[in-house]
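**Student:** I have a structure here, written as structure tokens, and I will follow up with some questions on it.
The values are calculated or read from the model by the stated rules, or taken from the named source; none is laboratory data. Just so we're clear, the structure is a prediction, and the values are computed from it rather than from any experiment. Here Cβ is always computed from backbone atoms with ideal geometry, including for glycine, and neighbour counts include all displayed protein chains.
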Amino acid sequence: MIEPVLALTEQVGSVADYLARGGGRGLAAAVRLPAAEVAAEVRRSGLRGRGGSGYPTGQKWESVRARPGSTRYLVCNAAEGEPATFKDRWIIRRNPYQVLEGIAIAAYAIGAARAYIVIRGTSTTEVRALRRAMAEMPPRVPTELVIGPEDYLFGEEKAAAEVIEGRPALPRILPPYQVGLFARSGQPNPTVVNNVETLANVPLILSRGAEWFRESGTPGSPGGMVFTVCGDVRRPGMYELPLGLPVDALVHLVSGGPRDGRTIKVVIPGASAAPLAPEHFGTPLDFDMMRAVGSGLGSGGFAIYDDTACMVAVTLCFARFLAEESCGQCPACKHGCTAIVGHLERIEHGDGGQEDLRSVLARCDAVTGGRRCALPVGAESFVRGAVETFREEFEAHLGRSCPRPRCVPLPLIADFGDGRFRYETREVAA
Ligand SMILES: Cc1cc2nc3c(=O)[nH]c(=O)nc-3n(C[C@H](O)[C@H](O)[C@H](O)COP(=O)(O)O)c2cc1C
Ligand code: SF4
């Protein structure tokens, strides 16, 4: 008989409820195994990081285990400051216990002395949920909540490490697996940073096994994912589904498709991958297959726009966000992102020419030079992808006012409830 096991977003009311519904079994199974075997089981499951890069989780744990250094740390990344994404806050709201159990298992597997959960100060509901869950289910490894700034960069792992050490969210040079928390000369303190959703999957893998996890999803991207779908669809929402489903099914079947008389023009997988045009809507939701069409799965957050939206305005909206969030430590990133916004503004306001379009692409070529983090890689992919895929629309906008005037809000999600998203207030008037 298959025993009931909680998925990631089932509502759990208390630790008693959690345990009654199968919670805790992953940790119990993990501590019966040698720590190396726990990491190996997660590697065999094929679990890939849900924070954006899709890096194999077991491999990350094994490489930190193999690094010299007696003190290791674990960071659970709950910063979630990217537009069109709400899934980590949703998981924490629904079932913080499973995240804590995932932290306990990961800490055991890598031999961490301490764990940190990084979360933005405005995530008050989730901070409350985590505090309550930690009081009810005392962590097996000392675990500290670190309340951080609103910056998008706070979620970048090298910036998160800085914040944990009491400094601003400015990415340091080396990644935490090399220079970990509180590292000193001769003490690298290798540190694993994992996303909330990645860690919430771990108890399921340990309680049911790697083979079970591989039964859903695709061979290259096993398991399920918690998708955020916002924008011009009838049923925006949070959906936990197996990986491998085509984008089209998520947009049209699950989220209800466009409103009457409209068609979906573009699917935007967050701020760091190229927008997807309809010819690619058949692409499976899989890390590698999304990359193969020049885009990415990101953290499973999608902003959808119908044919009333202007692609210049949409691109400007995201480019402006990235330029504002660039911290300025690397000149090519800050200057490049700012210049891209300037050219897009000229086009959007009807003052742009071919030279602006050429300059946008030339800036894309250079924006990643000497970078400390992947923010400008996202800017390049997003802006280049938008211009190349929707070139005709950009060209038609040169020297004329917006043919599709409409306010395009940046989908920076503040809250979700009753089937609606509430956005933070930054807006771009088209
Ligand atoms: C600008 C920027 C912002 C990021 N924000 C987040 C975030 O909010 N949450 C997150 O888990 N990862 C974020 N990441 C990715 C992290 O650096 C890191 O790769 C991730 O937390 C690793 O977890 P995973 O392997 O479980 O995916 C961000 C990366 C960049 C470049
Ligand atoms: S690449 Fe950009 S965002 Fe990242 S550290 Fe450098 S300036 Fe800051």
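**Student:** Can you go through Ala133, Ala113, Ala109, Ala104 and tell me which one is more than 16 Å from ligand 2 (Cβ to nearest atom) and not in a helix (DSSP H, G or I)? Reasoning before the result, please.
**Tutor:** Numbers: Ala133 fails: not in a helix (DSSP H, G or I); Ala109 fails: not in a helix (DSSP H, G or I); Ala104 fails: not in a helix (DSSP H, G or I).
Sole residue among the options that is more than 16 Å from ligand 2 (Cβ to nearest atom) and not in a helix (DSSP H, G or I): Ala113.
**Student:** So, one more: Pick from His335, His343: which is away from ligand 1 (no atom under 14 Å from the Cβ), crowded, with 16+ Cβ neighbours inside 10 Å and within 15 Å of Phe394 (Cα to Cα)? Spell out how you get there, then give the answer.
**Tutor:** Values: His335 fails: within 15 Å of Phe394 (Cα to Cα).
Unique residue meeting the criteria: His343.
**Student:** So which of Ala161, Ala200 is under 16 Å from the mean Cα position of the chain (by Cα), more than 9 Å from ligand 1 (Cβ to nearest atom) and of a type in the set (A, V, I, L, M, F, W, C)?
**Tutor:** On the way: Ala161 fails: under 16 Å from the mean Cα position of the chain (by Cα).
Step by step, each of Ala161, Ala200 is checked, and only Ala200 is under 16 Å from the mean Cα position of the chain (by Cα), more than 9 Å from ligand 1 (Cβ to nearest atom) and of a type in the set (A, V, I, L, M, F, W, C).
**Student:** Right, here's the next one. Can you tell me which residue within region 262-290, out of those that are closer than 24 Å to Glu392 by Cβ and among the hydroxyl-bearing types (Ser, Thr, Tyr), is surrounded by the fewest Cβ atoms within 10 Å (Cβ to Cβ)?
**Tutor:** Within region 262-290, the first condition is being closer than 24 Å to Glu392 by Cβ, and the residues that meet it are 262-269, 271, 273-283, 290.
This time we only want the ones that are among the hydroxyl-bearing types (Ser, Thr, Tyr), so: 263, 283.
Working: Thr263: 11, Thr283: 19.
Applying the filter and picking the extreme gives Thr263.
**Student:** In this structure, does Glu80 turn out to be buried (at least 17 other Cβ atoms within 10 Å of the Cβ), in contact with a helix residue (DSSP H, G or I) (Cβ under 8 Å, 6 or more places away or on another chain) and in a loop (DSSP other than H, G, I, E, B)?
**Tutor:** Working: buried (at least 17 other Cβ atoms within 10 Å of the Cβ): yes; in contact with a helix residue (DSSP H, G or I) (Cβ under 8 Å, 6 or more places away or on another chain): yes; in a loop (DSSP other than H, G, I, E, B): yes.
Considered against the rule, which asks whether it is buried (at least 17 other Cβ atoms within 10 Å of the Cβ), in contact with a helix residue (DSSP H, G or I) (Cβ under 8 Å, 6 or more places away or on another chain) and in a loop (DSSP other than H, G, I, E, B), Glu80 comes out as yes.
**Student:** I've got another one for you. Sort through Leu145, Leu100 and tell me the only one that's crowded, with 23+ Cβ neighbours inside 10 Å, farther than 26 Å from Arg371 by Cα and away from ligand 1 (no atom under 13 Å from the Cβ). Full working, then the answer.
**Tutor:** Details: Leu145 fails: crowded, with 23+ Cβ neighbours inside 10 Å.
After applying the criteria, what remains is Leu100.
**Student:** Give the residues of region 23-52 that are surrounded by 17 or more Cβ atoms within 10 Å (Cβ to Cβ) and not in a helix (DSSP H, G or I), sorted by residue number.
**Tutor:** Selection gives Gly23, Gly24, Gly46, Leu47, Arg48, Gly49, Arg50, Gly51, Gly52.
**Student:** Which one of these is surrounded by fewer than 21 Cβ atoms within 10 Å (Cβ to Cβ) and touching a His at 6+ places or on another chain (Cβ under 7 Å): Val293, Val312, Val254?
**Tutor:** Val293
**Student:** Within 16 Å of ligand 2 (Cβ to nearest atom), in a loop (DSSP other than H, G, I, E, B) and not aromatic (Phe, Trp, Tyr) - does that describe any residue in region 179-195?
**Tutor:** Checked region 179-195: at least one residue is within 16 Å of ligand 2 (Cβ to nearest atom), in a loop (DSSP other than H, G, I, E, B) and not aromatic (Phe, Trp, Tyr).
**Student:** Go over the candidates Val341, Val387, Val377 one by one and state the one that is modelled with pLDDT of 95 or more, more than 16 Å from ligand 2 (Cβ to nearest atom) and within 29 Å of Arg291 (Cα to Cα). Show your work before the answer.
**Tutor:** Working: Val341 fails: more than 16 Å from ligand 2 (Cβ to nearest atom); Val377 fails: more than 16 Å from ligand 2 (Cβ to nearest atom).
Being modelled with pLDDT of 95 or more, more than 16 Å from ligand 2 (Cβ to nearest atom) and within 29 Å of Arg291 (Cα to Cα) holds for just one of Val341, Val387, Val377, which is Val387.
**Student:** List, please: which pairs have Cβ atoms under 8 Å, are six or more places apart or on different chains, and start with a residue in region 226-248 that is more than 21 Å from Leu410 (Cβ to Cβ) and modelled with pLDDT of 95 or more and end with one that is buried (at least 18 other Cβ atoms within 10 Å of the Cβ) and of a type in the set (D, E, K, R)?
**Tutor:** Val226/Arg50; Val226/Lys87; Val226/Glu197; Val226/Glu240; Leu243/Asp286; Gly244/Asp286
**Student:** I've got another one for you. Go over the candidates Glu41, Glu82 one by one and state the one that is more than 8 Å from ligand 1 (Cβ to nearest atom) and assigned by TED's automatic domain parsing to the domain that holds Glu197. Explain how you work it out, then say what you get.
**Tutor:** Values: Glu82 fails: more than 8 Å from ligand 1 (Cβ to nearest atom).
Result of the check over Glu41, Glu82: Glu41.
**Student:** Of all residues in region 346-386, which are aliphatic (A, V, I, L, M) and surrounded by 23 or more Cβ atoms within 10 Å (Cβ to Cβ)? Before the answer, list the steps.
**Tutor:** Keep residues of region 346-386 that are aliphatic (A, V, I, L, M), which gives 347, 357, 360-362, 366-367, 374-375, 377, 379, 383, 386.
Ile347, Val360, Val367, Leu375, Ala379, Val383, Ala386 - these are the residues of region 346-386 that are aliphatic (A, V, I, L, M) and surrounded by 23 or more Cβ atoms within 10 Å (Cβ to Cβ).
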